[in-house]
Every structure is written in C-alpha cells, then in structure tokens.
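Enquirer: Take a look at this one; I'll ask things after.
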C-alpha cells in the first residue's frame with residue numbers, strides 16, 4: 001500500500017499511539033493496529049514489532065571525516081588576518097590572493113605548497129569559523145554601567161500604568177527659562193499636574209537645586225485641594241536623589257520615575273508645560289531674584305485662572321484600526337469641576353472650592369497676568385520695568401480693550417515677535433570723548449544708576465557708557481601710574497594694596513579689583529629697579545603691632561547695612577562689587593576693596609533669605625484645605 005508519510009512521520013505516529021496500544025484490550029488493540037497499518041502502509045508483523053518496541057533515542061549526527069585544516073593552517077591564517085588589520089572573512093578571502101604573495105615576496109612568510117593551496121581555497125565562512133577564538137579574545141569588553149543608588153530605589157512607571165487614578169496622583173517636571181543659550185544660572189519653573197482632574201500648580205526656582213525642589217514641593221503640597229498620593233518624575237538629578245526619596249517616604253507619597261528618553265511616559269505634564277508655562281512666559285531668558293519674584297506673582301494669578309476658568313479635554317477612549325487612530329474625549333471641564341464631581345473629593349473640599357470660585361473675578365486675574373507679563377518682558381530685554389503702583393488696576397479700560405485686542409495679533413508681552421537686543425552686561429568703560437570735571441563725574445559715568453537714583457537724577461547727568469563687544473577696555477591704570485610712582489618715591493615700603501586703595505579713593509569708579517594684580521606686578525618691578533639705583537627699601541609691615549588682643553573683628557558694615565539692604569531690595573541682581581563701589585562713593589574713605597569678600601558673604605546670606613521668602617510666597621494659602629483623616633491615610 002502506497003502512502004505519503006515519511007519515515008519521521010511514521011516514527012512520530014507510532015510514538016503517539018504506543019502507550020494507548022499497550023494499555024488496550026485485545027479487541028481494542030486489533031482496531032488500533034488496523035488503523036496504524038492503513039495509515040502507514042506497514043505489514044502486520046512489522047506494525048506489531050514497531051508498536052511493541054521501545055522508542056529509540058534520537059542520536060545526534062556526528063562528523064565522521066577529519067577536518068581539512070589543522071593548527072598549522074589556523075596559525076598561518078591568523079598571521080594573514082593580523083597583517084590585514086583584522087578584516088572580516090569576506091574581505092580577507094578577496095585579499096588572500098594579493099596579501100599572501102606580497103608577504104612571500106618580501107620574505108615575511110614562507111609556506112609549503114600544500115598549506116598554501118589550502119589557505120587560498122578557504123571559503124569566507126571557513127575563515128570566520130577558524131578565527132572565532134582570536135576574535136573573541138580581542139573583542140573589547142564593554143564596562144558594566146553602574147546604576148546610581150537613588151535610581152535603583154525608584155521604580156519605573158509607563159504612561160499605561162496609571163489606570164484611572166484618584167485625585168492626588170501627579171506628575172512633576174522642571175521647565176528651563178534659559179532663552180537661546182543653556183549656560184549659566186537661570187530661573188526654572190517647577191510644574192505639577194494631577195492625572196485625574198488636570199489641576200496644575202507651578203512655582204519658580206531661582207537655581208536648579210534638589211533642596212529648593214523639595215522645599216518648593218512642600219509648599220505646593222500644603223496648598224493642594226487634595227492629598228498628594230503619588231508623584232511621577234523624570235530621570236533628572238534634581239528629582240532622582242535621596243533628598244526627594246526621603247521626603248516622599250516621610251509623607252507617604254509613592255515616588256516613581258519614567259523610562260529614560262521616553263517623554264510620552266509623562267504626557268500629561270509635557271502637555272501642561274506647553275499649554276500653561278510656555279503660554280505664559282514664552283521662551284525668553286529669566287534670571288535673578290527680580291524675575292523669580294515676578295513669576296511668583298504671575299503663577300499666583302494664573303493658578304486660579306487656569307484651574308477655575310480654563311476647561312480642558314480628557315481622553316475617554318482610543319481605538320486603532322491599522323494606521324488610523326480614533327480618539328473620543330469627555331466634554332471639556334475645568335479642573336475645579338472635575339474635583340467637584342469626583343466621588344473621592346470630601347464634602348469640605350467641595351464647599352471650599354465652591355466658595356473660592358464664587359469670589360473670583362476672571363478679568364481681574366487676566367489683567368494682573370498681562371501686567372506681570374509686561375514686567376517680565378521688559379526685565380528679560382534689559383529695559384527698565386514699569387514701577388509698581390499701589391493703585392488698583394483700571395479694569396474698565398481693560399474690559400473696553402478686549403473688543404479690539406484682536407487687531408494687534410498676539411497680545412501677550414512675553415510672546416513678542418520682534419527680536420529685541422539683549423542688555424549689555426559687559427565691562428563698563430569711562431567715556432574719553434569729553435574731559436571730566438571732577439572725580440565724581442567719573443564715578444557717575446562708570447557706575448550704572450540704581451532705580452532710586454534714576455528717579456531723582458537731573459536731566460544734565462551723564463548716562464552710563466558700556467563697553468561694546470569687541471572693543472578693548474580702557475587702561476585706567478596706565479593713566480594713574482605716574483601718580484603711583486611719585487607715591488612710591490616718597491614711601492618705598494608702602495604695600496601694593498594700600499597704594500591701590502589710595503588710588504581708588506582718589507579716582508573713584510576708575511579702577512576695578514581685577515587691576516590690582518597688574519598694579520602689584522608693576523610695584524614689584526619698580527622696587528627691583530629702585531634697589532638697582534641704590535634706594536633703600538625697608539621691610540613691609542602688614543599688621544600694626546599693638547597690645548590689643550586679636551579676636552573677632554567688628555562688623556564693618558553695621559552702620560550702613562540697612563541702607564545696603566534697601567539697595568538690594570530695589571535691585572536684587574546687582575553684584576557685591578557694584579554695591580561696594582556705590583557706597584565708596586557715598587562715604588569716601590570708609591570702605592575699601594579688601595572688604596569685598598566680607599560684603600560678598602553678607603550679600604550671599606541675604607539672597608538665601610530672599611529665596612526662602614520667595615518659596616514661602618510660591619503658593620497662595622487661600623486654597624489650603626486641611627484634608628480629612630481618611631485622605632491622609634490614603635496618601
């Protein structure tokens with residue numbers, strides 16, 4: 001009987017029914033045997049022997065014939081492979097007919113005829129197989145990348161792992177306001193958004209620091225209308241650190257992170273970064289305490305406007321049909337409406353949100369946002385911001401302008417299309433076009449006026465002149481060096497620092513601290529030339545010898561620190577050197593450049609206190625609602 005079954009198929013069929021054939025009765029065995037004979041075409045006796053025998057184990061086919069290439073061929077091939085600079089087998093196969101005769105011609109390699117014919121007849125696959133061991137030994141081992149310990153402590157979460165969470169599961173991110181150049185220190189915006197309701201919070205951070213992130217997050221958490229349950233961050237070092245981990249553990253917050261380089265895992269916060277933060281501030285550069293204070297005012301008004309008067313869509317379902325994706329959304333609602341309709345929102349929170357919504361004026365919030373945006377735009381462009389007034393805003397004029405505002409196109413000041421020049425912060429120079437009547441006039445040219453001085457300046461006061469990019473700085477030391485030489489002739493042992501301070505008092509605003517080293521080198525060269533002329537120079541005394549015990553030095557800025565603090569409040573971004581030069585002009589002979597480091601420490605401590613006050617103003621306490629005990633337990 002002919003059959004189309006192969007030998008392997010017959011063996012598998014026999015193995016499948018062998019156990020059933022052995023356990024069956026005689027009558028059933030006959031039926032199974034007849035079916036097996038009909039399917040395989042075996043003779044009856046052969047079929048009985050196959051079903052009664054044990055299955056033979058599969059044997060692996062082994063190579064019977066010896067290899068054609070011994071160790072001598074492998075060694076010669078390795079030499080040729082190294083001589084070709086370790087190319088692959090296919091390239092080496094094509095090169096053998098050129099490389100081998102060249103090596104033999106120059107006396108570097110000499111092979112027997114049989115071995116030579118074997119190497120030339122090798123295939124590319126055989127060459128790769130014989131070179132497996134050398135290649136494996138020469139392959140560089142990639143170092144195992146160590147994962148930082150804080151990153152191992154935070155588990156990852158993807159965009160599909162939220163599964164309709166309750167209010168309080170938020171994503172957090174930083175938005176950089178660096179402008180076109182990501183260099184130096186600039187203000188960041190810490191943004192949080194709730195997955196369930198879309199409630200969005202934002203606060204400025206003066207510099208990118210993990211401690212400031214935690215302090216700002218703690219202030220925002222207190223002002224949330226719900227308990228913070230979960231927090232999802234990216235893989236930045238300002239978030240993935242032990243400070244934030246310990247804070248979340250202490251407050252019962254589940255901390256997770258997204259996958260590296262997968263921004264879609266934080267799709268909710270990325271959408272709010274563009275729809276809220278960039279819409280408010282644009283892409284300008286903001287730096288310093290003055291910009292951070294203005295951003296605090298802007299976010300205080302925008303958080304109420306966005307969360308109470310800005311409806312947003314929320315995805316309900318998504319269906320994919322090949323390359324076509326169909327999405328269905330819930331009706332647009334504000335974050336406040338979603339919190340009021342959520343079953344997990346306590347009744348006290350609903351009542352408080354209703355009271356706040358009934359008292360808010362959207363046009364008043366919008367007018368304040370526009371005013372702060374204008375202030376920030378002027379600050380970023382280096383212009384003088386408009387002064388703050390205590391008078392209430394003219395809402396009637398603002399409402400009247402809304403009907404025709406669309407004629408002007410984009411009305412947000414931070415979204416100005418015109419490219420304005422940046423504020424020139426380069427080295428200041430003294431104008432040499434006109435002679436100076438007095439040292440005070442030189443000081444007025446060299447020091448930029450403070451806001452308080454600008455309001456009281458007279459029309460004939462000269463404006464400050466700044467060095468343009470590419471121009472050389474004025475060598476003020478070259479002009480005063482003859483005076484310094486006469487002083488050295490009178491007192492050869494005078495120190496360079498004392499001489500520099502006398503010149504600064506005599507010519508205020510003309511010299512900077514960077515020119516002290518140049519003066520010190522010139523004084524040393526003058527003393528060498530004076531000794532060659534026979535001038536006797538006594539020892540330099542840096543400390544007066546007296547009987548007073550050494551101890552803590554008195555506070556040299558005690559009398560005028562309150563006045564300095566007022567100047568810092570008016571212009572918080574000015575440097576300690578600018579402040580010291582200004583007070584040298586106000587009180588001649590009382591302050592010197594040796595006191596610059598002390599003033600820098602005082603200014604640094606004042607800025608730290610100003611940052612702490614700024615964090616305290618990051619969120620308005622009007623929205624603080626003490627959560628119920630059950631909400632705290634869930635957090």
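The values are calculated or read from the model by the stated rules, or taken from the named source; none is laboratory data. On a predicted model such as this, the values are computed, not experimentally measured, just so you know. Positions of Cβ are backbone-derived with ideal geometry, glycine not excepted, and every protein chain shown enters the neighbour counts.
Enquirer: Any residue in region 578-603 that's in the same structural domain as residue 497 (by TED's automatic domain parsing): show its pairings with residues that are surrounded by fewer than 16 Cβ atoms within 10 Å (Cβ to Cβ) and at pLDDT 85 or above at Cβ separation under 7 Å, as long as the two are six or more apart or on different chains.
Expert: none
Enquirer: For residue 231, indicate whether it is in contact with a helix residue (DSSP H, G or I) (Cβ under 7 Å, 6 or more places away or on another chain) and within 24 Å of residue 156 (Cβ to Cβ).
Expert: Criteria met by residue 231.
Enquirer: Follow-up question, since we're still on this one. From 19, 12, grab the single residue that is modelled with pLDDT under 90, surrounded by fewer than 11 Cβ atoms within 10 Å (Cβ to Cβ) and part of a helix (DSSP H, G or I).
Expert: Only one candidate qualifies: 19.
For every residue, the table says whether it meets (1) under 24 Å from residue 362 (Cβ atoms); (2) in a loop (DSSP other than H, G, I, E, B); (3) in contact with a strand residue (DSSP E or B) (Cβ under 9 Å, 6 or more places away or on another chain).
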| site | (1), (2), (3) |
| --- | --- |
| 307 | yes, no, yes |
| 316 | no, no, yes |
| 319 | no, no, yes |
| 325 | no, no, yes |
| 328 | no, no, yes |
| 337 | yes, no, no |
| 340 | yes, no, no |
| 343 | no, yes, no |
| 350 | yes, no, no |
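Table: residues versus (1) more than 18 Å from residue 234 (Cβ to Cβ); (2) within 14 Å of the chain's Cα centre (by Cα).
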residue	(1), (2)
185	yes, yes
198	yes, no
203	no, no
208	no, yes
218	yes, no
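Enquirer: Inspect region 379-392 for any residue being part of a loop (DSSP other than H, G, I, E, B), on the phi < 0 side of the Ramachandran plot, in contact (Cβ under 8 Å) with a residue 40 or more places away in the chain and in contact with a strand residue (DSSP E or B) (Cβ under 8 Å, 6 or more places away or on another chain) and give the result as yes or no.
Expert: no
Enquirer: Continuing with this model, one more query. Looking at residue 169, is it closer than 30 Å to residue 237 by Cα and either surrounded by fewer than 16 Cβ atoms within 10 Å (Cβ to Cβ) or under 29 Å from the mean Cα position of the chain (by Cα) (or both)?
Expert: Yes.
Enquirer: Okay, moving on. Hey, among 259, 219, which residue is touching a helix residue (DSSP H, G or I) at 6+ places or on another chain (Cβ under 7 Å) and part of a loop (DSSP other than H, G, I, E, B)?
Expert: Exactly one residue qualifies, and that residue is 259.
Enquirer: Select, from 191, 214, the only residue that is in a helix (DSSP H, G or I) and more than 15 Å from residue 150 (Cα to Cα). Talk me through it step by step, then tell me what you get.
Expert: On the way: 191 fails: in a helix (DSSP H, G or I).
Testing whether each residue is in a helix (DSSP H, G or I) and more than 15 Å from residue 150 (Cα to Cα) leaves just 214.
Enquirer: Related question: If I filter region 545-553 for residues that are modelled with pLDDT under 85 and either assigned to a helix (DSSP H, G or I) or within 17 Å of residue 599 (Cα to Cα) (or both), do I get at least one hit?
Expert: yes
Enquirer: Could you grab me the full set of residues in region 400-429 that are at pLDDT 75 or above, touching a helix residue (DSSP H, G or I) at 6+ places or on another chain (Cβ under 6 Å) and either within 30 Å of residue 511 (Cα to Cα) or not in a loop (DSSP other than H, G, I, E, B) (or both)?
Expert: Answer for region 400-429, where residues must be at pLDDT 75 or above, touching a helix residue (DSSP H, G or I) at 6+ places or on another chain (Cβ under 6 Å) and either within 30 Å of residue 511 (Cα to Cα) or not in a loop (DSSP other than H, G, I, E, B) (or both): 413, 414.
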